[in-house]
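Okay, structure first, notes after.
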Amino acid sequence: MNLELIIQIAILNLFVQNFVIARFLGLCPFIGQSDDKKKAIGMGVAVTFVMTMASLVTYVLFAYVLRQNSWFLVTFFGADSAITRGGLVEVLKTASYILVIAALVQFVEMFLRRHVPALYRSMGIYLALITTNCAVLGVALLNTTDAPRDIGLLGAVLQGFFAGLGFTLVMLLMAGIRERLQYLNVPRCFRGAPIAFLCTGLMALAFLGFAGMAT
């Protein structure tokens, strides 16, 4: 993999196809944890770690276990036709990917509870919700079955890593905006989630300016 492709993956996932701003995935932790910069950084680092490791494990799982011609499907599930194997891949990929993500989130949760208890308590339910975060599952699918072309193991890992960094970037931007909003006289009907979604929409329009940087 050359440097040009690495830069392209970075720009795409950080700006052009940002999972929150462009794809609108992972909005639950984005809105719930972006009211404070410390919580935003903690959530961003946790999601980046899970995305990177999930990209690594799920790509290996798909390439060497779940691919349609895999001996695993034939031996254990009797997948003796292309249609049957294809159906099993569709069923097993989601279940297996979620199990991988859940295991990684459990590891992060145990680490934070033991070493950073204050951050663990501040994250609350949103830490566990990383398991069902559609952005994490989305990057795993885009690296494997939904990828327009095979980018390889290194490309998958890099895409997961930069997708996590893109998530962290918009988390920090939104945290800065919401901290400033606390000192403004926001109309009552716009306080809380409404103004947060409005600012997210304006950020999405601003990020459109990066659309021509990479394709």
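Observations, loosely collected:
- Filtered residue count, region 136-159, keeping only those that are outside any loop (DSSP other than H, G, I, E, B) and buried (at least 16 other Cβ atoms within 10 Å of the Cβ): 13
- T94 fulfils the conditions (1) closer than 18 Å to T132 by Cα; (2) at pLDDT 90 or above except for a single criterion, (2).
- Extreme residue, modelled with the highest pLDDT, among residues of region 24-67 that are among the aromatic types (F, W, Y), farther than 17 Å from Y120 by Cβ and in contact with a helix residue (DSSP H, G or I) (Cβ under 7 Å, 6 or more places away or on another chain): Y59
- Looking only at residues of region 102-136 that are without any contact (Cβ under 8 Å) to a residue 60 or more places away in the chain and under 15 Å from the mean Cα position of the chain (by Cα), we find that the one that is nearest to G32 (Cα to Cα) is A128.
- Among the candidates A196, A206, residue that is out of contact with any strand residue (DSSP E or B) (no Cβ under 7 Å at 6 or more places or on another chain) and either in a loop (DSSP other than H, G, I, E, B) or within 15 Å of L14 (Cα to Cα) (or both): A206
- If you go through region 160-193 and keep only what is of a type in the set (G, A, S) and either touching a His at 6+ places or on another chain (Cβ under 8 Å) or buried (at least 20 other Cβ atoms within 10 Å of the Cβ) (or both), you end up with G160, A163, G164, G166, A175.
The values are calculated or read from the model by the stated rules, or taken from the named source; none is laboratory data. Computed from a predicted structure; not experimentally measured. Heads up, the Cβs are rebuilt from the backbone with ideal geometry, glycines too, and the neighbour counts pull from every protein chain shown.
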